[in-house]
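Here's the structure, in structure tokens; my notes come after.
The values are calculated or read from the model by the stated rules, or taken from the named source; none is laboratory data. Every value quoted in this text rests on a predicted model; they were computed, and no experiment measured them. Here the Cβ positions follow ideal geometry from the backbone for every residue, glycine too, while neighbour counts run over all protein chains shown.
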Amino acid sequence: MNSLQRLESMLTAIYDNKRHLETAADQVYMAALRTGVSLDVLLDEIESNNLFDTDSFITASKGNVFEYVREEFRNCVERFVNITAGGNGGMASIGRGEFMISFSSNFQAKISKSGKGDLEYVCYLINKIINEEMKWNGGKINVAETQGKDVSKNLLSLLKENNEYHFLVDSDFVPFRKSDKKKYDLDVLNILNARFWQSLTGEIISSLSDNQLKELCLRRAFDSTFSKSDSILIVNEDGQFVRFTNANDAVEYYNKKIGKVKLEIRSKQTNPISIYLFV
């Protein structure tokens with residue numbers, strides 16, 4: 001019980017809600033138990049800043065996040081990824097991986113309450129706070145905040161205004177939908193892509209290929225991300241990650257993998273148009 005109380009005392013750095021704190025503490029305790037790690041030894045390593053190489057991690061542009069954890073504790077720390085108990089006080093949820101990095105770093109990476117990202121690092125060498133957005137295993141960033149159903153309504157209105165409504169084979173149009181490839185000629189698809197972009201942003205373009213539309217969406221999404229955050233960390237399930245500190249590098253990275261870029265587009269739901277991120 002002394003070890004558990006010690007753990008709970010440490011977790012007050014994240015939680016002021018007793019239920020959330022106990023849930024997280026129970027999960028840390030079980031992670032240690034299942035992997036044969038002494039809880040007190042684990043906490044000693046964290047409090048001594050020996051568990052996680054935070055300084056090296058926050059300056060890395062790519063790598064594997066688990067390689068920054070002391071090898072003998074990696075199996076245990078990998079289980080921390082799924083600890084998402086509670087919120088951060090700003091009514092936002094704690095996403096996968098955020099607790100793992102924050103706790104392992106002895107809260108040198110704080111779970112942010114600023115609304116400028118998910119993690120907050122204090123970088124003493126440059127005397128600056130770095131706000132980082134984090135996306136784990138297919139997390140999404142929004143292209144725009146407009147609800148998908150509203151974009152779809154805008155699109156139908158634009159097509160009617162431009163005397164192009166007859167192009168539609170179905171009652172709606174969703175870019176990149178595989179079934180549409182067989183229903184539309186390429187020229188018509190490109191016009192519909194352009195009208196979709198206009199319905200989302202107001203920008204008038206005559207024609208857009210699928211890849212051109214994806215590139216525009218990438219630019220808009222990352223410009224929006226970096227308008228509030230200093231960096232974005234994208235991590236795959238196996239721990240492989242990439243980190244970007246500006247929109248240009250992020251857009252260039254995904255443009256080279258444009259065929260794998262996927263968007264979530266809902267024409268009848270409230271979900272905003274968003275892009276799934278991957279390494």
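Got at least one residue in segment 68-84 being over 19 Å from the mean Cα position of the chain (by Cα), surrounded by fewer than 13 Cβ atoms within 10 Å (Cβ to Cβ) and of a type in the set (Lys, Arg)? No, there is no match, as no residue in segment 68-84 is over 19 Å from the mean Cα position of the chain (by Cα), surrounded by fewer than 13 Cβ atoms within 10 Å (Cβ to Cβ) and of a type in the set (Lys, Arg). With respect to the conditions (1) surrounded by 14 or more Cβ atoms within 10 Å (Cβ to Cβ); (2) at pLDDT 95 or above; (3) assigned to a helix (DSSP H, G or I), Asp44 falls short on a single one, namely (1). If you check Ser206, Ser274 for being in a loop (DSSP other than H, G, I, E, B) and not aliphatic (A, V, I, L, M), only one passes: Ser206. Filtering segment 210-224 to residues that are of a type outside the set (Gly, Ala, Ser), in contact with a strand residue (DSSP E or B) (Cβ under 8 Å, 6 or more places away or on another chain) and farther than 18 Å from Leu186 by Cα leaves Cys217, Leu218, Arg220, Phe222. Which one is farthest from Leu39 (Cα to Cα) among residues in segment 1-24 that are of a type in the set (A, V, I, L, M, F, W, C) and not in a loop (DSSP other than H, G, I, E, B)? Among them, the one singled out is Leu21.
May I ask you to say which residue of Val169, Val235, Val151, Val174 is exposed (fewer than 15 other Cβ atoms within 10 Å of the Cβ) and either of a type outside the set (S, T, N, Q) or closer than 22 Å to Gly95 by Cα (or both)? Give the derivation first.
Values: Val235 fails: exposed (fewer than 15 other Cβ atoms within 10 Å of the Cβ); Val151 fails: exposed (fewer than 15 other Cβ atoms within 10 Å of the Cβ); Val174 fails: exposed (fewer than 15 other Cβ atoms within 10 Å of the Cβ).
Every option except Val169 fails the conditions.
The listed residues are Asp187, Asp180, Asp172, and the only one of them that is over 22 Å from Asn255 (Cβ atoms), in a loop (DSSP other than H, G, I, E, B) and either assigned by TED's automatic domain parsing to the domain that holds Lys160 or not charged (D, E, K, R) (or both) turns out to be Asp172.
Looking at Leu200, Leu189, Leu218, just one residue is of a type outside the set (Asp, Glu), buried (at least 20 other Cβ atoms within 10 Å of the Cβ), at pLDDT 95 or above and touching a Pro at 6+ places or on another chain (Cβ under 9 Å), and that residue is Leu189.
From the list Leu119, Leu156, the one residue that fits, being modelled with pLDDT of 95 or more, over 16 Å from Phe226 (Cβ atoms) and surrounded by 12 or more Cβ atoms within 10 Å (Cβ to Cβ), is Leu156. Taken together, the criteria place Lys116 among residues that are closer than 26 Å to Glu264 by Cα, under 18 Å from the mean Cα position of the chain (by Cα) and not hydroxyl-bearing (Ser, Thr, Tyr).
Return a yes/no flag: does segment 141-150 have any residue that is at pLDDT below 95 and in contact with a Phe, Trp or Tyr (Cβ under 6 Å, 6 or more places away or on another chain). Looking for residues that are at pLDDT below 95 and in contact with a Phe, Trp or Tyr (Cβ under 6 Å, 6 or more places away or on another chain), one finds none in segment 141-150, hence no. From the list Asp187, Asp223, the lone residue that is farther than 30 Å from Lys128 by Cα and out of contact with any His (no Cβ under 8 Å at 6 or more places or on another chain) is Asp187.
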